[in-house]
Amino acid sequence: MRGDDDEKTKLALGIAAATLAVTGAAVSQQALAGTKAQHHANEAALMSKVDVLEAQLRAMQDEMASIRATAGNGADSAKVQELDAWMQEHKNQPERSKDNMVFFRGGFARNDQRPHATTSNLTCAGLIDCESSDKDGWYFGAGFDFSLDDDLFGMMHNTEVLAELAFDYNEFGEFRGNVVNAIPGYPDVTQNATQSQLRLTAAPKIKFFKGSKLRPWIIPAGFTLNVMSPPSQVNTITHLMPAMHFGAGVDYNIWRNLYVGVDARYTFALNKLDSSVNVNGLQGGGYLGIGF
């Protein structure tokens, strides 16, 4: 009987040990499965957060790229619009003429009196007899215009102010002077001479209708320096005389930078030279201009 009880006890202990082992294994598997599940859940949560951050970063990058592209397109568009406006403005404007000009002029000249040095009569009194040169003559010369302002210093649109510097040569024929009985025993002296005049001019010029082919102009008042030669019967003295200068004219752009024009000018001195030389006179003629 005792032996049977021992066997039963051993059997019960074996069963209990086996049950505990199975239970422990099950618990261990469950614990391991729970740990793995938790690990996977943590990994999934972490990956989800990473995905969210990546998505946010990608969205920020896309937004910044869009802002840059918009800003760049706006700047480029503004530049393109500015360039288009500039091109349209210059396209609508007429071809700009050359404002500066060198010109060559010539024509008819007439002094207010015969430019003889000592008289305006045909003969001279005293020891000297003479035949005077004529009032009428001719001239040629050259000069240049230099542009100073495009709108009369803000007072009138399309009205240009230029500075003119010019010179011209005037000739009034010949005169003959006779020195009669100046030295007893010597023959009378007869001298023929060409009566000429050199004129140097500096004057402001106001030119209208800037941008047009036809452009009238005026010289309101300028300065001229006149050299009359020879001024005396014996051709020994040369006189110099300052005077005022006035003028008006018009020129036309015939082709590219070539111009033709006509003008009339008058020179006026407040007094005469000490030998009664009068430099007052009129000039009228034409000119050929080259713009530059």
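The values are calculated or read from the model by the stated rules, or taken from the named source; none is laboratory data. What you see is a predicted model, and the numbers here were worked out from it, not measured in a lab. Here the Cβ positions follow ideal geometry from the backbone for every residue, glycine too, while neighbour counts run over all protein chains shown.
Taking segment 157-176 as the search range and keeping residues that are farther than 24 Å from M244 by Cβ and surrounded by fewer than 20 Cβ atoms within 10 Å (Cβ to Cβ), which one is farthest from the chain's Cα centre (by Cα)?
R176
Counting only residues that are at pLDDT below 85, give me the strands (runs of 3 or more DSSP E) lying completely in segment 184-292 with at least 1 of them.
In segment 184-292, 189-207, 214-229, 239-255 are the strands (runs of 3 or more DSSP E) which contain 1 or more residues that are at pLDDT below 85.
Applying the selection to segment 251-290, what residues are of a type in the set (G, A, S) and surrounded by 17 or more Cβ atoms within 10 Å (Cβ to Cβ)?
G261, A269, G281, G285, G289
Pick out the one residue from S66, S147, S48, S77 that is crowded, with 16+ Cβ neighbours inside 10 Å and either at pLDDT 70 or above or assigned to a helix (DSSP H, G or I) (or both).
When all the criteria are applied, what remains is S147.
With the structure loaded, tell me whether V277 is in contact with a Pro (Cβ under 6 Å, 6 or more places away or on another chain) and of a type in the set (A, V, I, L, M) or whether it fails that test.
Values: in contact with a Pro (Cβ under 6 Å, 6 or more places away or on another chain): yes; of a type in the set (A, V, I, L, M): yes.
Yes.
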